[in-house]
Amino acid sequence: MISNTMIDSEGLSDFLTTYLHAPMPDPYHSYDGTQNRAAQKVWDEKTFRESFTGASRRFGQTPLYLSDQDLSELSRLGVTWPLAATRDEFGRIAMLIAAASEVHPAGFQSMLQRCYDEGDTRERHSILRALPLLPSAERFTSLAFDAGRSHLQPLFEALVCDNPYPSTYFPDRPMNHMVLKALSLGIDLDRIIGLERRMTPELKRMTVDYVAERRAAGRSIPADVRLLLRD
Amino acid sequence: MRYFDPHIHMTSRTTDDYAAMRQAGIEAVIEPAFWLGQPRSHVGTFEDYFRSLIGWEPFRAGQFGVRHFCTLSLNPKEANNSAVAPGVFDLLSIYLQKDAVVAVGEIGYDEITPDEERYFQLQLELAQRFDLPILVHTPHRDKKRGTERSLALIRAVGFPEERALIDHNTEETLPLVLETGCWAGHSIYPNTKMDESRMVALVKRFGTDRIIINSAADWGVSDPLKVPKTAQAMRASGISEEDIETIVWHNPATFFSQSGKLDLCTVEQPIDQTQLWEGNSVLRGQAPTPTSGALSGKETV
């Protein structure tokens, strides 16, 4: 079972920052404390949210070019699946990993939800890619369920394809619905990481019913149903 | 010919409209945030509207091969609603920074009230802070006075005129706008505002410099094909193809590219509808198209 305890967060954060070769945004605001104390720095959520939005311009939207060495380093750090495709996505993932280690867990959870709610499709996409890398990732299931229900196909695919999050954290019902939705959208089911571990009699029944419904309507049957119907 | 409709409220339009627009050659649109016909009574409904303009509507448009950008603002009509106006204004510092937002707008005057003027000025300052151009709505009633006051406020604030697009012009307001450095938009409507033949006459009289046309189609009686239809009327009256293309493509593209977020190269590339998502190979297991070097297969992580 994949679990985020296998992720070396600090090492991953270092790797992403080094790869991007760009300064990370500073989510701290300096302010002067009392006269007796030196200037302190405080975490500022709005500054973080603005930088998170501005990451496309800071890091650029160009594709990543990862060498075999990069890929094996990522694998060593616990990331064994395709994580992201563009520089800004890498940057946003690095920002979230850093924030999770610096902000109180409850504060981080509400901030992540806010970033997701106010995020455009690119931002939301990056959050969904980051989910399996965050500490206590089971906290974020409701956000992930929302993506699983989305009609925005890029969001749905960010959750479903090459992402260990659903199979690790989803209960049966949302998992089953996600798989059926992927099937109906023509997404290759072999891109659902850990699907083989989540095969249940109920998922099989839903698949059999789906096939019957397609047959009754005179529609084609996706080839991938075989993956769900085998014993 | 390819067309750019830089003012259309697609939220109110159907998928049939998108299909017809693409069929007619409309490749890019800008959707300005405005009011929805019925007053809103919660800040949250504005926020969800903004979210739809930066996420859902571009996705809907992309399915039909149309690129969708937007402008965001507290609109002039609802600037008068003190229950929501301050809260909506506070949202803008986050939402104006989104990739899809290519201007602050629609801002300006409706009834020319003190509240409208205050938020007009505050949003001119926001546009300067976020380095965005502005889209200025001109009122339906007392239009000439409203236009004069808009131009005067832009000048008083010191907002760069070449970054201001004054919209919904008529025969009376266009000369006022062209005297400044501002750009002039025209909303071609079935009944009100401006129609095709009047627009042809204006182009013959004033030329193409800083002239933009749009459909401003929304939830009322309006026509999302007015840009290509007006181009056709121009063609029929002997206006050159080059001049038409300046008005229906180059001018809006040039104006809004001042945002730094409307990449003309990207706009001019056809959308690959098999991908649906900005070349992101995570989604379909396709590698991004290499521009150079030996990128192949699954290079993405």
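Values quoted throughout were computed directly from the atomic coordinates according to the rules given, and no laboratory measurement underlies them. Small disclaimer: the values here were computed from a predicted structure and weren't measured. A quick note on method: Cβ atoms are made from the backbone with ideal geometry, for glycine too, and the neighbour counts reach across all protein chains shown.
Note that region B:112-211 shows a convex hull volume over its alpha carbon atoms of 94 Å³ per residue. Mean separation of Cα pairs under 8 Å and 6 or more residues apart, divided by the residue count, gives region A:140-231 a relative contact order of 24 percent. For A:Ser184, A:Ser13, the sequence from fewest to most other C-beta atoms within 10 Å is A:Ser184, A:Ser13.
Relative to the longest principal Cα axis of chain A, at what angle does helix A:105-118 sit, 0 to 90 degrees, rounded to 10? For helix A:105-118, the angle is close to 70 degrees.
Go through B:187-194, B:81-88, A:158-165, A:89-96 and give me the packing order, highest mean Cβ count within 10 Å leading. Let's see the in-between values first.
Details: B:187-194: 18.1, B:81-88: 15.6, A:158-165: 24.4, A:89-96: 25.9.
Taking the mean over residues of other Cβ atoms within 10 Å, the ranking is A:89-96, A:158-165, B:187-194, B:81-88.
Annotation: the residues A:Arg214, A:Arg49, sorted from fewest to most other C-beta atoms within 10 Å of their own C-beta, follow the order A:Arg214, A:Arg49.
Phi angles across region B:160-168 convert, under the Karplus curve 6.51 cos²θ - 1.76 cosθ + 1.60 with θ = phi - 60°, into 3J(HN,Hα) values of x, 5, 5, 9, 10, 10, 8, 9, 6 Hz, Gly and Pro given as x.
Taking a point 7 Å out from the Cα of A:Asp14 in the direction of its Cβ, the residues of region A:106-145 whose backbone N falls within less than 20 Å of it are A:133-135. Note on A:Lys204: lysines with a C-alpha under 17 Å away, same-chain residues under 8 apart excluded, are A:Lys181.
Computed over the protein assembly as shown, the alpha-carbon pair-distance distribution with 20 angstrom bins reads 20, 48, 28, 4, each value a whole percent. Here, P(r) means the percent of Cα pairs in each 10 Å bin from 0 to the largest distance; for chain B it is 6, 28, 35, 21, 7, 2, 0. Straight Cα distances below 16 angstrom link B:Lys261 to the lysines B:Lys98, with same-chain residues fewer than 8 positions distant left out. Seen against the Cα atoms of chain A and their longest principal axis, helix A:87-102 is set at about 70 degrees. Amide H contacts of B:Ile26 (H built 1.01 Å from N, in plane; Pro and chain starts excluded): B:Tyr3 sit under 5 Å, all sequence-distant by 5 or more or on other chains.
Quick one: if you take sqrt(5λ) for each eigenvalue of the C-alpha gyration tensor of region B:1-131, what semi-axes come out, biggest first, whole angstrom?
Working: eigenvalues 146, 43, 36 Å².
Output for region B:1-131: semi-axes of 27, 15, 13 Å.
Across chain A, the mean sequence separation of Cα contacts (distance under 8 Å, 6 or more residues apart), normalised by length, yields a relative contact order of 17 percent. Placing +1 on each Lys and Arg Cβ and -1 on each Asp and Glu Cβ, with no other charges, gives region A:1-135 a dipole about its Cα centre of roughly 200 debye.
Note on chain B: with charges restricted to the Cβ of Lys and Arg (+1) and Asp and Glu (-1), its dipole about the Cα centre is near 200 debye. Couplings 3J(HN,Hα) of region B:222-236, computed from phi: 7, 9, x, 9, 5, 5, x, 5, 5, 4, 5, 5, 5, 4, 5 Hz, in residue order, whole Hz [Karplus 6.51 cos²θ - 1.76 cosθ + 1.60, θ = phi - 60°; x for Gly and Pro].
Shape index of region B:113-154: Rg/Rh, with Rg the Cα radius of gyration and Rh the Kirkwood radius from the inverse mean 1/r over Cα pairs, equals 0.98. Between region B:32-72 and region B:134-199, the alpha-carbon centres lie 23 Å apart. If you average the alpha carbon positions of region A:173-231 and of region B:78-102, how far apart do those two centres end up, in angstrom? Region A:173-231 and region B:78-102 have Cα centres spaced 43 Å from each other. The smallest convex shape that holds all Cα atoms of region A:1-135, its convex hull, gives 123 Å³ per residue. For chain A, the longest principal axis of the C-alpha atoms and the axis of helix A:201-216 are separated by about 60°.
DSSP bridge analysis restricted to the protein assembly as shown gives an antiparallel fraction near 15%, rounded to the nearest 5. About its Cα centre, the dipole of region B:1-84 is roughly 60 debye, where the only charges are +1 on Lys and Arg Cβ and -1 on Asp and Glu Cβ.
With a 10 Å cut-off around each Cβ of B:46-59, the average count of Cβ atoms from other chains is 3. Where only DSSP H runs of four or more residues are counted, chain B gives -10500 deg cm²/dmol as its mean residue ellipticity at 222 nm, each run worth -39500 (n - 2.57). Two numbers describe the Cα atoms of chain A: Rg and Dmax, which are 20.0, 79 Å. Taking the fewest neighbouring Cβ atoms within 10 Å as the starting point, the ordered list for A:Met111, A:Met206 is A:Met206, A:Met111. A cut-off under 15 angstrom between Cβ atoms defines the neighbours of B:Pro139, and their net charge, with Lys, Arg +1 and Asp, Glu -1, is -4.
Peptide A:118-128 has a mean of 5 when you count, residue by residue, the C-beta atoms of other protein chains within 10 Å of its C-beta. Counting Cβ atoms of other protein chains within 10 Å of each residue's Cβ and taking the mean over peptide A:77-83 gives 2.
Each principal axis of the Cα cloud of region A:140-231 was taken in turn, and the coordinate range along them, longest first, works out to 38, 28, 19 Å.
Over chain A, DSSP H runs of length four or greater, each weighted -39,500 (n - 2.57), average out per residue to a 222 nm ellipticity of -16500 deg cm²/dmol.
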